[in-house]
Amino acid sequence: MASNRRVVLSAEPVSFEKEFHTLLRSRLRLVFTVGALVAVAAHVFYVFGTGLDPEIDTPFAPHIVAIYDLYLVSVGLGALLLYMRRWSLQALLALDYTIVTFCILLSLFISVVFDRSQIPIFAISILFFLHAAFVPVPVRYQVGLALTAVLGWPLIAALIWAFVPGIREHWMAGTGPAGFRAPLWEGTFQIAILGAISVVFSKILYHMRRSLHAAERVGSYVIERELGSGGMGRVFVAQHSLMCRPSAVKVIQAAPGEDPTLTRFEREVQLSATLSHPNTITVYDFGRTGQETFFYAMEYLAGMDLHRLVERFGPVDPERAVFILDQVCGSLVEAHAKDIIHRDIKSSNIFLTQQGGLYDFVKVLDFGLAKRISPDISSTVTAVGEVMGTPAFLAPEAAAGMERVDARSDIYSLGCVAYWLLAGKLPFLAPTSVEMIARHVQEMPLAVGKAAEVHVPENLDRIVMRCMEKDPAARFASVNDLQTALLNLRSDVPWTHERAREWWELHCPDVVAAVDASGSGAPAAG
């Protein structure tokens, strides 16, 4: 059943946390793995490279390699834990905070015990800014790391002064207490500046991620990728944030001050959402994101539209064309029974898919121009004289911008679709839309039986050309009459869903495989 439930546009923190969790896990794996490799390189450098500076003579000098290897132990352990199991978001944040804090304190310790005059700017700045740039944590975590470094520098120095006599004597043998206090305060100030900058950096990046997340959402749907764009908007593949249901979301953007355009679309999609025929695309949701953007979500289909079908494989067999047109008629019968006309029937708005194992199952797409045949004054938004539809498939009365457009206009457009299916070409060709519209108003096309390269039965030819009569009164009086005429056609080898599956398996095995595996695929942009 189609639903016309209006979407409540609001933030979805659960969905953001899910995305944030995935990103954080992958970034921490990368950072810890690279950190472990850098630590291994540092170990090799000190053991086999330059070795220890002979001027550094403190009680900790013999242990410098082991102390540096603590970096390797911490980040290596972090990487190992991340690859061993899947951690919760809070556990990941705690693991990150613990290891980075340990590395900051270790950097401060190394600076204090080996040479107090070497303020630990290099190591601390790397830890600050690489963490802020690559690990997407909330700002409070970066603030905590900055405070750890700012307070840790004087605290570690004071503790070592008080409890490690060998280091205190080493300091006193140099410049004395005064020479120690100067770099201590200078280092605290510089680390504070670095910490503040890293916090600002982290805040900007984190909020950019949130903004990007919000930009990739439409209502309750998370955008995955764009399928394409048409004259009336853009179509995206999306997942419902709660039900994890694949959907196709069409977004219609109005220019500033064109709110009546969106109002018309909103009312017309409300109409189409009441349709429940199996050959009509199911509308799940609709709503607005701001004053100038309207969207509606529909089912996500595997297959291709009739425009691409003919472009890729050429005209279809007459029995297949009848099989397809009959299903389109079924969709339109329900719509017209509810006084709803489509107004944009065209080859790209008729989609072939599978449903319940039935192939060549038709879905009529994009009732975005749907309108009641006899609207009341309150629902009339389209101006008299405004041309609605696609020029190549436009009924003469619609092309002329007449106020009275009824179900027979859809019949004309469906006749143009049948012409495209059978002849592999449009009824009229023209260099501009204006000339195309003029030909629809003034000329009759060459009979489809003469235009087609394949044999078109005479009865089918007459049906198609009757659909395309200039005078609406000369066409079929209703889609019911058209459908009856199609069903009365006889074929020695009728088209069936079984033949359709054989065709798809032969020509589009990738689509069949995707459908069999997941029941979903990529729909066309209407």
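Results for (1) modelled with pLDDT under 70; (2) assigned to a strand (DSSP E or B); (3) among the small types (Gly, Ala, Ser), shown as yes or no for each residue.
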site: SER211; (1), (2), (3): yes, no, yes
site: ALA214; (1), (2), (3): yes, no, yes
site: GLY228; (1), (2), (3): no, yes, yes
site: ARG234; (1), (2), (3): no, yes, no
site: MET243; (1), (2), (3): yes, no, no
site: VAL249; (1), (2), (3): no, yes, no
site: ILE252; (1), (2), (3): no, yes, no
site: ALA255; (1), (2), (3): yes, no, yes
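Contact map, the range 494-509: first residue within 12 Å of LEU358 (Cα to Cα) and at pLDDT 90 or above, second residue among the β-branched types (Val, Ile, Thr) and not in a helix (DSSP H, G or I), Cβ cut-off under 9 Å, separation 6 or more or different chains; pairs are ARG499/VAL493. Within the range 470-493, being acidic (Asp, Glu) and modelled with pLDDT of 95 or more holds for one residue alone: ASP481. Checked against (1) farther than 18 Å from LEU108 by Cα; (2) in contact with a Ser or Thr (Cβ under 6 Å, 6 or more places away or on another chain); (3) at pLDDT 70 or above; (4) not basic (Lys, Arg), LEU194 passes all but a single condition, namely (1). Note on the range 330-356: residues that are farther than 19 Å from LEU486 by Cα, open to solvent by 20 Å² or more (accessible area, probe 1.4 Å) and either among the basic types (Lys, Arg) or touching a residue at least 60 places away in the same chain (Cβ under 8 Å) (or both) total 5. Set side by side, the residues ILE121, ILE99 differ, and just one is more than 19 Å from PHE20 (Cα to Cα) and either without any contact (Cβ under 8 Å) to a residue 12 or more places away in the chain or open to solvent by 40 Å² or more (accessible area, probe 1.4 Å) (or both), which is ILE121.
Selection over the range 409-424 of residues that are farther than 16 Å from ASP326 by Cα and either surrounded by fewer than 24 Cβ atoms within 10 Å (Cβ to Cβ) or acidic (Asp, Glu) (or both) gives a count of 2. Is there a residue in the range 37-50 that is at pLDDT below 70 and surrounded by 14 or more Cβ atoms within 10 Å (Cβ to Cβ)? Scanning the range 37-50 turns up at least one residue that is at pLDDT below 70 and surrounded by 14 or more Cβ atoms within 10 Å (Cβ to Cβ).
Scanning the range 61-85 for residues being basic (Lys, Arg) and under 20 Å from SER107 (Cα atoms) gives a total of 0. Of all residues in the range 135-145, exactly one satisfies the criterion of being open to solvent by less than 10 Å² (accessible area, probe 1.4 Å) and within 21 Å of LEU184 (Cα to Cα), namely LEU145. Just for the range 148-168: of the residues that are farther than 15 Å from SER107 by Cβ and in contact (Cβ under 8 Å) with a residue 40 or more places away in the chain, which one is surrounded by the most Cβ atoms within 10 Å (Cβ to Cβ)? Per the stated criteria, the residue is ILE167.
Put simply, of HIS207, HIS170, HIS131 the only residue that is closer than 30 Å to GLN90 by Cα and at pLDDT below 80 is HIS207. Identification of helices (runs of 4 or more DSSP H) wholly contained in the range 425-521 with 3 or more residues that are open to solvent by 40 Å² or more (accessible area, probe 1.4 Å) yields 433-442, 458-467, 479-487, 497-507, 509-518. Do we find a residue being closer than 19 Å to SER491 by Cβ and aromatic (Phe, Trp, Tyr) anywhere in the range 322-336? Among the residues of the range 322-336, at least one is closer than 19 Å to SER491 by Cβ and aromatic (Phe, Trp, Tyr), which makes the answer yes. Going through (1) modelled with pLDDT of 90 or more; (2) among the hydrophobic types (A, V, I, L, M, F, W, C); (3) crowded, with 19+ Cβ neighbours inside 10 Å one by one, PHE313 falls short only on (3).
Residues of the range 292-340 that are in contact with a strand residue (DSSP E or B) (Cβ under 8 Å, 6 or more places away or on another chain), under 15 Å from VAL364 (Cβ atoms) and acidic (Asp, Glu): GLU299, ASP305, GLU334. Close contacts from the range 33-45, counting a first residue that is part of a helix (DSSP H, G or I) and a second that is of a type in the set (Asp, Glu), with Cβ to Cβ under 8 Å and a gap of 6+ residues or different chains, come to ALA39/ASP69; HIS43/ASP69. The residues of the range 75-94 that are crowded, with 18+ Cβ neighbours inside 10 Å and not small (Gly, Ala, Ser), listed by number, are VAL75, LEU82, LEU92, LEU93.
The values are calculated or read from the model by the stated rules, or taken from the named source; none is laboratory data. As the structure is a prediction and not an experimental result, all values here were calculated from the model. Reconstructed Cβ throughout: ideal geometry from the backbone, glycine too, with neighbour counts over all protein chains shown. Just the protein is used for accessible areas: all its heavy atoms, side chains included, with ligands, DNA and RNA removed. Shrake-Rupley method; radii C 1.70, N 1.55, O 1.52, S 1.80 Å.
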